[in-house]
Structures are given as structure tokens and as C-alpha cells.
Amino acid sequence: MSAIELHTINKVYGNSFHALHDLSFDIRDGEFMVFVGPSGCGKSTALRMIAGLESITSGELRIGGRLVNDVDPKDRDIAMVFQSYALYPHKSVRENIAFPLHMAGLPKAEIASRVDEVARTLELTTLLDRRPALLSGGQRQRVAMGRAIVRKPAAFLMDEPLSNLDAKLRVQMRAEIASLQRKLNVTTVYVTHDQVEAMTMGDRVAVMKGGVLQQVDTPQNLYKRPDNVFVAAFIGSPSMNLYEAVLNGRTLTLGSNNFEVPERVFEYRPSLNGASHRQVIVGIRPEHMNDAAIRPSSAEISAPVTLVEALGSESMVHLNIGAPWVDAGDPDAVADIGDERAAVARFSPKSTVRAGDIARVAVDAEELHFFEPVTRTSIW
Amino acid sequence: MRRARRFNINGMLVNAAALVLVLSYALPYVYLLMTSIKPAADVQQIPPSFLPAVVSLENFREVLQSSALPKAFASSLTVAVLTTVLSLAVAVPAAYVATQYRRRITTLFLLFALVTRMVPSVSLGVPLFQLLKALGLLDTIPGLVLAHTSAAVPLALLLMSAFFEGVPKELEEAARMDGCTRFQAFRKIILPVMTGGIAVTALFTFITSWNEFLYALLLTSEATKTAPIVIAEYNSVYGLAWGAMTAAAVLYSLPVIFVTLALQKQIVGGLTFGAVKG
Ligand SMILES: Nc1ncnc2c1ncn2[C@@H]1O[C@H](COP(=O)(O)OP(=O)(O)OP(=O)(O)O)[C@@H](O)[C@H]1O
Ligand SMILES: [Mg+2]
């Protein structure tokens, strides 16, 4: 078990592409750290640098206090689970799991007992003599996990280990990996581009974009206190609705609607005090907009409904807010919303609004987020 | 129902076409076989008959009792085996590096290998002759092995590169994470995974050397003459020993058939080897 420290790490690839910019943060001993971000943001690059499979252009990487910039992967005492699993096709499940122990030169009896123990933990006992080609995707995933945990390494690295599984199995394995990690209490770095995986599994989550770290924090804090517009939009599904608005004193003007911002928000974000015709980006999460006919609020807006997606447990109501829409730079967000101008509200399934109606929308104004229009950072 | 029947008719057509193809390939060889077991006197009979009237091993006895052919077979076999071993020892690691550590220079390297395959061997034969003469390796086994290796390595390199293309990079990386050096990862993981590809390449290399005629003609004489040269000599200024020639040709084809059968499992595995499924 070891902490992993990254200090102003940069990666410039051979084709002079600058993939990571001044990456700095610590992963604590025993922590489950998730790297998340859109495709191509440098998550795998960062992980592979920790693994030693990719050279470090500049900066310092420490594992358990030791500077490992130039240490071979085999000498870093870390195990990795690959997206493709990378099981050894000519070896049986047993031999696959035993391989790292053989390489470590352990006695045969100990290897056998540890492989058996891991097989029991991962429910692989009946599959030990099969070749990987004869296993299902979920079973291969387990073998890859087994090969990683059997060594009792200082840290686990996992690069999108669940992305080849179907949705149902993914949810199941998500829980299994998280509980296994908690049981073993080994420092783990987990890469995903799925923010639901990030939020449900990580002790802390590092959000990256374009090779730059955006924010590292607990899932709750990322959700409640995003540092900037990108994190605000990336965390949470459907994405936070972001619009340009004007704050004048306590009154927020959003399109053609005006409403009062509650006192608590100003306690929370003191620098909003005394605004006069101040341009802001306002963020409203879908779950903080409700049908005013069901749950009235002091802050209400009215907006035409363009679409209602009834999901049974809730209804996704698309609203035309009539204010300038803000692009957070999250490529997944546009796909979520469909029509990029529409705001999405998460209404109770009891709501009777239909496409074409003008809905009265109750805004949970205490939960509003405010960002600077130019720097796009949070206003605190 | 209708779909199934149409599928069956298609299947039969494919099978019939395959049969015609196989027969047209096999026919000359079968004729060779038939001729080789005719009594020497019947071989040149006009009009020729396809089936022998009497089965006789006279021709085989003749070629095996002469000292030239067994000796040539020994040369051929030694040269082919050594060429195969040497070519694989060079081409397998080279192809791995060229495909897995891709740089502009490795791409260029493979391109050059391809280009050397396109130069006619006649053009290379003369400088090779001079080179081996200078080295004192004319008419020696090592000399011919070197010549054959120079011809076989580019082929082996291209074949092995194609096979290595199918090996995901993660396999080596996983091995390195599991405690291997790069070389251990290659030896303990990559090579065993590649047995099919290596078998196919070995077979092609072996056949390249076994069948090679031109270099053998230029670079050897009495001491190390290979089988194809001896077989060709049955048709000499002193006349055409047709029966002996067919018997020698049949014997000459046996090692290739034997090696192919021995490696059959690996070859089928190698030829259908797409991505390594882990
Ligand atoms: N070997 C390489 N040479 C040059 N550029 C590379 C190389 N590997 C990755 N890149 C680039 O570096 C950037 C980050 O790549 P990386 O694989 O780390 O992204 P990622 O966040 O893991 O994305 P994904 O979610 O798609 O896996 C990408 O723009 C990619 O094109
Ligand atoms: Mg990746």
C-alpha cells in the first residue's frame, strides 16, 4: 500500500503532441481515485505514466515516497487491469493468475494456495483450467482482476475495465470492484469516461479535460461545488443547464423570467453581494426544477415545453428557457440534451405537462450555481 | 425452408468448384506418381498410359542405389533446416520490434525487405557468387545456407510482421506489469502465443530453401549439390532418364508433405490467426 504523488507532470508524445499539462495531485494510501473526462483528455496517458509504460516528459512521480520516473514497470510493484483484459491466450485461467507470482519467484505451494484463494474470492474456482478464449466477457474481466490482486501490489491501475461489458454486468461489476477495493484497501487508480462510474466508485474523482486537470474532489463536492462550468456540466446526468443571466441586487433575470435569489446563496457565495446588472452564468441542475403545480416554490419561471420523456420513475421535461445557452465544452452534454437550446428538468412522474404547454417551473433557487462569464470559474 | 434449400445448392456448387480446382492441382502430381511406379521400360511408351500396367519399384531402387541422390538429399535437408533456423532467429525478433515499436525507420525497414523480394534472384546470384568465392564458401553448406537465408529472411520478416500485427500491444504491457523485462515478456508470453505464425513461417522458409534451384546451381558443385540439381541432371546430354527422374521427384516431394502434415495443426491455427483473443 502506497500513496502516489504527481508533481507538475507533463507528457509530450513523439509527434510533439502535448497530452498532459502540469498535472499535480496526490492519491492517498488506500484511496480509490477515479480519473474521468471526455475521450482524448489524457486519462490513459496519465495512468500509463504511473504504470511506467509511458515515459514522463517532465515532472516527478512518486510511489510510496520513492521517485519512480525512471523505474521499470516490473519494479514499481503495481498491477494493472487493461480495457482489453490482455489475458495470456495460451495459458489457462490458473496459469494467468499465477504468472505474476511465478515471475516474483514464489514457492510453488504458496502460488497454488494464493491462486486458490483469489479464485474463491472472484468465484473463478470452476474455471481455473479453461483457456481465456472459452470465457465470457464478465469472466475474463474477473480473471484480469484476479491476476492483479493475487500479487498484493502497492497499487492497482485500471483503464476502463468495464467498458467491454453489457450495461447490466457493468453495474454489477462496478459494485464488486468497489467493494473488493474497500476490502483489500489498496490504493487504486481507475480510469473511466463514464461519470456515473466515477461518482459511484471513487473516494475522490479527478476531472480532466484537454490534458488539464479541472478539479479533484469527492463525488459529493464535485456535484455540490464544481470549480468551473466544465466540471458542473460533466458531473451529473442529465447535465446541469447553463445559461447567461443578469443579477441585479437579489433579482435574477433569466430570459424573460425574473425571480428572487434566496439569502442563503449569498451567504454561500459572498462575492455575489451587491451585484448591479452583473452578467453571470447561472447553472440549474435538472433535479432542481419541478412542476410548480406539484411542488410550488418562491422562485418560479414559465417556459414552453418542447418535449416530455416519461421514464416511469420521473419525467424529463425539455424547456425553452429563452436565455442564451452556454456551451460547457463537454462533448457528451450535447448528446444528452438533444436540442442544445433546451433546458432539461426532472419532473415528478405525477406531472401532467405535455409538449406544447407553457409550464410553470419551480426552481430550487438555493441550489443555483453561479459562474464568471469570462473565466467560467465558480463565483464564491 | 426455402432459404435452407438455396443454401444447400450453393454449398454443392462451391464444393463442386473446389473439387475441380483440387483435381486440376493434383492431376500433374498424380501423373508423376503413376509414372514413377511403372517399370522403366513402360515409362516412355507411346501413347502414354495414365495407370501403370504393372506396379514396379524399379525406378526407386535405381535412384536410391546411385550415390548421387541420397547425398543430394542430405545436402538439401541440412541446408533447408539450417536456413530455417537461421532465418527465424533473425526474422522473428526483427519483425516483432518493427511492428510493436513502430517508428518511421521500422516502416522503412519492412519496405526495404519487400523491395529485396522484388529483385530477380539472377541479379543477386552473380554478386553472391563473388562474395562466397571471396569468403572461400563456394560449394560448402554454410555458403549455401547464407545465400538461402538472404533470400528467406525478407519473406519470413514480412510473414512474421503480418502475424505480429495481430498481437495487441497490451499483451507485452501486461507481462511487463506482471514482472517481466521486455525480453522476458517476448520470450514467455509473445513467442508462445505466436507458435502458429512461427510454424507457418518456418514451413515457408523451409520450402523456399528446399525448392531453391538457381543459387544451388551457381554456388555448389560436387561436394554439396542439392536434390533439385541432381534431379535436373537426369535430363543430361547422355539422354533423359525419365523413370529415375520421376522417382526422384516423388521422393523429393515427400519431406515437404511430411513437414506440412507435422505442422498442420499450428498452420491452420496460424492462418486463421486474426487478433489474439484474450
Ligand atoms: N502514442 C501516442 N502518440 C501521440 N499522441 C498520442 C499517443 N497516445 C495518445 N495520444 C494522444 O494523447 C491524447 C490523450 O490520449 P489518451 O489515450 O490518454 O486519452 P483518454 O483520455 O484515455 O481517452 P479515451 O477515453 O478515448 O481512452 C489524445 O489526444 C491522443 O490522441
Ligand atoms: Mg483511454
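For chain B, set up a Gaussian network in which alpha carbons nearer than 10 Å are linked by springs, and say which option among B:Val20, B:Val230, B:Val250 fluctuates the most. It is B:Val20.
Working from Cα pairs under 8 Å separated by at least six residues, relative contact order for chain B is 27 percent. As a rough guide to protection, the peptides A:186-195, B:50-59, A:19-28 ranked by mean Cβ packing within 10 Å, highest first, stand as A:186-195, A:19-28, B:50-59. Normalised by the number of residues in segment A:147-280, the average gap of Cα pairs under 8 Å and 6 or more apart makes the relative contact order 14 percent. Cα centroid separation, segment A:168-195 to segment B:119-181: 47 Å. The mean sequence separation of alpha-carbon pairs under 8 Å and at least six residues apart, normalised by the residue count of chain A, gives a relative contact order of 16 percent. When the P(r) of segment A:4-230 is calculated, the portion above 30 Å amounts to 24% of the C-alpha pairs. Database remark: amide H of A:Ala19 closer than 5 angstrom to the amide H of A:Lys11, A:Val12, A:Tyr13 (H placed geometrically; neighbours at sequence offset of 5 or more, or on other chains; Pro and chain starts carry no H). For segment B:60-277, the Kirkwood estimate of hydrodynamic radius, built from reciprocal distances between every pair of different alpha carbons, is 19.0 Å. Solvent-accessible surface (1.4 Å probe) assigned to A:Arg142 amounts to roughly 40 Å².
Using the 1.4 Å probe convention, the accessible area of chain B works out to 56 Å² per residue with neighbouring protein chains retained. Across segment A:349-361, rounded Karplus estimates of 3J(HN,Hα) from the backbone phi angles (6.51 cos²θ - 1.76 cosθ + 1.60, θ = phi - 60°) give x, 6, 4, 10, 5, 10, 3, x, 5, 9, 8, 8, 10 Hz, Gly and Pro being marked x.
Taking all Cα-Cα distances within segment B:43-98, those exceeding 12 Å account for 77%. Over 30 Å between Cα atoms: which of A:Lys108/A:Lys183; A:Lys168/A:Lys209; A:Lys74/B:Lys265; A:Lys183/A:Lys350 fall into that group? The pairs that break the limit, which is 30 Å between Cα atoms, are A:Lys74/B:Lys265; A:Lys183/A:Lys350. Under 5 Å from the amide H of A:Asn241 lie the amide H atoms of A:Ile284, A:Arg285, each residue being 5 or more positions distant or on a separate chain, with H modelled from the backbone and absent for Pro and chain starts. Projected onto planes of every orientation and averaged, the convex hull of the alpha-carbon atoms in segment A:234-371 covers 7.8 nm². Against the criterion of solvent-accessible heavy-atom surface with a 1.4 angstrom probe, B:Phe60, B:Phe183, A:Phe371 sort, most first, into B:Phe183, B:Phe60, A:Phe371.
Taking all protein chains together, B:Ile198, B:Ile229 sort by accessible area into B:Ile198, B:Ile229, largest first [probe 1.4 Å].
Over all directions, the projected convex hull of the C-alpha atoms in the protein assembly as shown averages 44.3 nm² in area. The phi-based Karplus calculation (6.51 cos²θ - 1.76 cosθ + 1.60; θ = phi - 60°) puts the 3J(HN,Hα) values of segment A:59-64 at x, 10, 10, 10, 10, x Hz, whole numbers, x for Gly and Pro. Give the separation of the Cα centroids, segment A:1-25 to segment A:87-163, in Å. With segment A:1-25 and segment A:87-163 each reduced to a Cα centre, they are spaced 30 Å. Accessible surface ranking for B:Glu222, A:Glu160, A:Glu263, 1.4 angstrom probe, highest first: B:Glu222, A:Glu263, A:Glu160. The H on the amide N of A:Val205, modeled in the peptide plane, is under 5 Å from the matching H of A:Val34, A:Asp217, A:Thr218, each at least 5 residues off or on a different chain. Note that segment A:214-223 has calculated 3J(HN,Hα) couplings of 8, 6, 10, 6, 5, x, 4, 5, 4, 6 Hz, one per residue in order, obtained from phi through the Karplus relation 6.51 cos²θ - 1.76 cosθ + 1.60 (θ = phi - 60°); glycine and proline are x. Put simply, the convex hull of the Cα atoms in segment A:110-252 casts, on average, a shadow of 11.5 nm².
The values are calculated or read from the model by the stated rules, or taken from the named source; none is laboratory data. Worth saying up front: this structure is predicted, and the values here are computed from it rather than measured. When we count neighbours, we look across all protein chains shown, and the Cβ atoms used for this are built from the backbone with ideal geometry, even at glycine. What goes into the accessible areas is simple: the full protein's heavy atoms, side chains included, and nothing from ligands, DNA or RNA. Shrake-Rupley method; radii C 1.70, N 1.55, O 1.52, S 1.80 Å.
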